[in-house]
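One structure is given here, and the rest of the page talks about it.
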Amino acid sequence: MFRSTRPRRSALYMPASNQRALDKAKTLAADVLILDLEDAVAPDAKRDARAQAVAAVKDGGYGEREVVIRVNGLNTPWGYADLAAVAGAGADAILLPKTENVESVRQAETVLAANGAPEALSIWCMMETPRAMLNAESIAGASPRIACFVMGTSDLAKDLHARHTRERLPLVTSLGLCLLAARAYGLAILDGVHLDLEDAEGFALACEQGVEMGFDGKTLIHPKTIAAANRVFAPSAEEVAFSRRVIAAHAEAMAQGRGILVLDGKLIENLHVLNARRIVELADAIVALEAAQPAAAG
């Protein structure tokens with residue numbers, strides 16, 4: 001079950017307190033822009049950041065990029081006002097920090113509805129605590145507005161007392177639990193950030209691992225990592241070409257009354273066709289997105 005093949009290869013956090021960053025985001029090639037009111041903003045700048053984020057979204061200029069606003073939690077002095085302001089801003093989604101249970105989702109949903117949020121406004125959930133991992137399934141099904149899980153691996157590692165290793169073995173169980181819940185409920189899911197900006201090789205490996213596990217893309221903290229994430233999380237030309245052949249060959253086989261076939265020595269049945277269609281749809285969506293934003297760079 002997949003709700004959307006919208007590309008989410010790269011999701012860049014941008015501090016909403018920095019107007020230059022909000023303007024620069026209009027020229028970046030990230031599939032998703034996360035305007036951050038939470039971790040990236042100091043307490044005394046929260047109100048101004050909120051106003052700037054809302055104004056930036058209303059002013060537009062982000063093309064077909066998906067624009068998400070990460071709000072502060074409802075247990076903070078800024079959370080309610082964030083949700084109330086973002087409800088009518090025109091963003092594609094709001095990102096809830098430290099989502100741990102169904103109640104936190106429904107409280108946010110109630111505030112959004114009370115402030116006139118359109119049905120199209122999605123809720124994305126930061127999955128970044130041990131309790132969130134244990135409640136991943138119930139969170140995924142908490143509301144029809146939920147569209148995406150975003151892994152907060154830095155906070156999660158801290159709470160687990162785990163080490164940041166290149167292979168990320170201490171986090172595999174947590175990542176797997178969220179992947180299972182997301183896919184069971186038809187949600188997108190984005191991998192956590194890579195903290196060492198000088199470790200290009202490690203970043204590439206983390207992206208490859210994310211693709212292998214089944215993530216849709218990676219959250220980023222610097223524009224210089226966008227190109228690598230976009231490249232790794234996009235289907236390769238070879239994958240797309242083979243997928244098109246699978247679809248065509250299966251259609252021909254079905255016309256001849258055969259449900260399975262062998263292509264290049266590989267057994268092909270309906271499950272492979274469904275995956276091939278997903279790959280082709282994603283590749284086509286990436287081409288369309290990139291064509292719609294020729295000013296993108298990075």
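The values are calculated or read from the model by the stated rules, or taken from the named source; none is laboratory data. Since we're looking at a predicted model, the values are computed, not measured. Neighbour counts are summed over all protein chains in view; Cβ atoms, including those assigned to glycine, are modelled from backbone coordinates with ideal geometry.
List every residue pair whose Cβ atoms lie under 9 Å apart, where the two residues are 6 or more positions apart in sequence or sit on different chains, the first residue falls within the range 179-201 and is of a type in the set (Ser, Thr, Tyr), and the second residue, located anywhere, is surrounded by 13 or more Cβ atoms within 10 Å (Cβ to Cβ).
TYR185/GLU137; TYR185/ALA140; TYR185/GLY141; TYR185/ILE146
Has the range 75-93 got at least one residue that is within 17 Å of ALA142 (Cα to Cα), modelled with pLDDT of 95 or more and assigned to a loop (DSSP other than H, G, I, E, B)?
Scanning the range 75-93 turns up no residue that is within 17 Å of ALA142 (Cα to Cα), modelled with pLDDT of 95 or more and assigned to a loop (DSSP other than H, G, I, E, B).
Given the condition in contact with a Cys (Cβ under 9 Å, 6 or more places away or on another chain), within 21 Å of ILE286 (Cα to Cα), among the charged types (D, E, K, R) and assigned by TED's automatic domain parsing to the domain that holds MET127, answer yes or no: does some residue in the range 195-214 qualify? Step through it out loud before you land on a result.
Step one: filter the range 195-214 for residues in contact with a Cys (Cβ under 9 Å, 6 or more places away or on another chain), giving none.
No: zero hits.
Kindly list, by first and then second residue, each pair from a residue in the range 23-35 that is closer than 12 Å to GLN293 by Cα to a residue that is among the acidic types (Asp, Glu), limited to pairs with Cβ atoms under 8 Å and residues at least 6 apart or on different chains.
That search, which allows pairs on different chains as well, returns ALA29/GLU290; ASP31/GLU66.
Being surrounded by fewer than 16 Cβ atoms within 10 Å (Cβ to Cβ), at pLDDT below 95 and under 24 Å from ASP216 (Cβ atoms) narrows it down to one of ALA255, ALA297, ALA241, ALA251, so name that one. Reasoning before the result, please.
Values: ALA255 fails: under 24 Å from ASP216 (Cβ atoms); ALA241 fails: at pLDDT below 95; ALA251 fails: under 24 Å from ASP216 (Cβ atoms).
Exactly one of ALA255, ALA297, ALA241, ALA251 is surrounded by fewer than 16 Cβ atoms within 10 Å (Cβ to Cβ), at pLDDT below 95 and under 24 Å from ASP216 (Cβ atoms), namely ALA297.
Looking at this structure, is SER10 small (Gly, Ala, Ser) and under 29 Å from ALA234 (Cα atoms)? Steps first, please.
Details: small (Gly, Ala, Ser): yes; under 29 Å from ALA234 (Cα atoms): yes.
Yes.
Can you name the residue in the range 1-23 that is out of contact with any strand residue (DSSP E or B) (no Cβ under 8 Å at 6 or more places or on another chain) and closer than 26 Å to ALA228 by Cβ and, of all such residues, is modelled with the lowest pLDDT? Write out each step before concluding.
First, pick out the residues of the range 1-23 that are out of contact with any strand residue (DSSP E or B) (no Cβ under 8 Å at 6 or more places or on another chain): 1-2, 5, 17-20, 23.
Subsequent filtering for residues that are closer than 26 Å to ALA228 by Cβ retains 2, 5, 18, 20, 23.
On the way: PHE2: 43, THR5: 79, ASN18: 96, ARG20: 95, ASP23: 95.
Ranking the candidates gives PHE2 first.
Can you confirm whether ASP44 is part of a loop (DSSP other than H, G, I, E, B), of a type in the set (Asp, Glu) and either farther than 28 Å from ALA227 by Cα or in contact with a strand residue (DSSP E or B) (Cβ under 9 Å, 6 or more places away or on another chain) (or both)? Walk me through it before giving the result.
Working: part of a loop (DSSP other than H, G, I, E, B): no; of a type in the set (Asp, Glu): yes; either farther than 28 Å from ALA227 by Cα or in contact with a strand residue (DSSP E or B) (Cβ under 9 Å, 6 or more places away or on another chain) (or both): yes.
No, not satisfied.
Every residue in the range 63-72 that is buried (at least 20 other Cβ atoms within 10 Å of the Cβ) and assigned to a loop (DSSP other than H, G, I, E, B), please.
Filtering the range 63-72 down to residues buried (at least 20 other Cβ atoms within 10 Å of the Cβ) leaves 65-72.
Once the filter is applied, which keeps residues that are buried (at least 20 other Cβ atoms within 10 Å of the Cβ) and assigned to a loop (DSSP other than H, G, I, E, B), the range 63-72 yields ARG65, VAL71, ASN72.
Report, by residue number, each residue of the range 119-137 that is among the small types (Gly, Ala, Ser), surrounded by 14 or more Cβ atoms within 10 Å (Cβ to Cβ) and not in a helix (DSSP H, G or I).
Quick first cut of the range 119-137, residues among the small types (Gly, Ala, Ser) only: 120, 122, 132, 136.
Retained after the next criterion (residues that are surrounded by 14 or more Cβ atoms within 10 Å (Cβ to Cβ)): 122, 132, 136.
Selection gives SER122 alone.
Somewhere in the range 102-118, is a residue part of a loop (DSSP other than H, G, I, E, B), in contact with a Gly (Cβ under 9 Å, 6 or more places away or on another chain) and closer than 15 Å to ALA181 by Cβ? Please lay out each step first, then the result.
Just the residues of the range 102-118 that are part of a loop (DSSP other than H, G, I, E, B), to begin with: 115-118.
Remaining after also requiring in contact with a Gly (Cβ under 9 Å, 6 or more places away or on another chain): 115-118.
Next, from what is left, pick out any that are closer than 15 Å to ALA181 by Cβ: none.
No; the residues of the range 102-118 include none that is part of a loop (DSSP other than H, G, I, E, B), in contact with a Gly (Cβ under 9 Å, 6 or more places away or on another chain) and closer than 15 Å to ALA181 by Cβ.
I'd like to know if the range 138-153 contains one or more residues that are free of Cβ contacts under 8 Å to residues at least 60 places away in the same chain, touching a strand residue (DSSP E or B) at 6+ places or on another chain (Cβ under 7 Å) and farther than 27 Å from ALA85 by Cα. Don't jump to the end; show me each part of the working.
Residues of the range 138-153 that are free of Cβ contacts under 8 Å to residues at least 60 places away in the same chain, as a first pass: 138-146, 149, 152-153.
If we keep only those that are touching a strand residue (DSSP E or B) at 6+ places or on another chain (Cβ under 7 Å) too, we end up with 139-140, 143, 145-146, 149, 152.
From what's left, farther than 27 Å from ALA85 by Cα: none.
For the range 138-153, residues free of Cβ contacts under 8 Å to residues at least 60 places away in the same chain, touching a strand residue (DSSP E or B) at 6+ places or on another chain (Cβ under 7 Å) and farther than 27 Å from ALA85 by Cα: absent.
Considering only the range 49-64, I want to know if a residue exists there that is closer than 22 Å to PHE203 by Cβ and either charged (D, E, K, R) or in contact with a strand residue (DSSP E or B) (Cβ under 8 Å, 6 or more places away or on another chain) (or both).
Our first condition is that a residue be closer than 22 Å to PHE203 by Cβ; within the range 49-64, this holds for none.
No, there is no match, as no residue in the range 49-64 is closer than 22 Å to PHE203 by Cβ and either charged (D, E, K, R) or in contact with a strand residue (DSSP E or B) (Cβ under 8 Å, 6 or more places away or on another chain) (or both).
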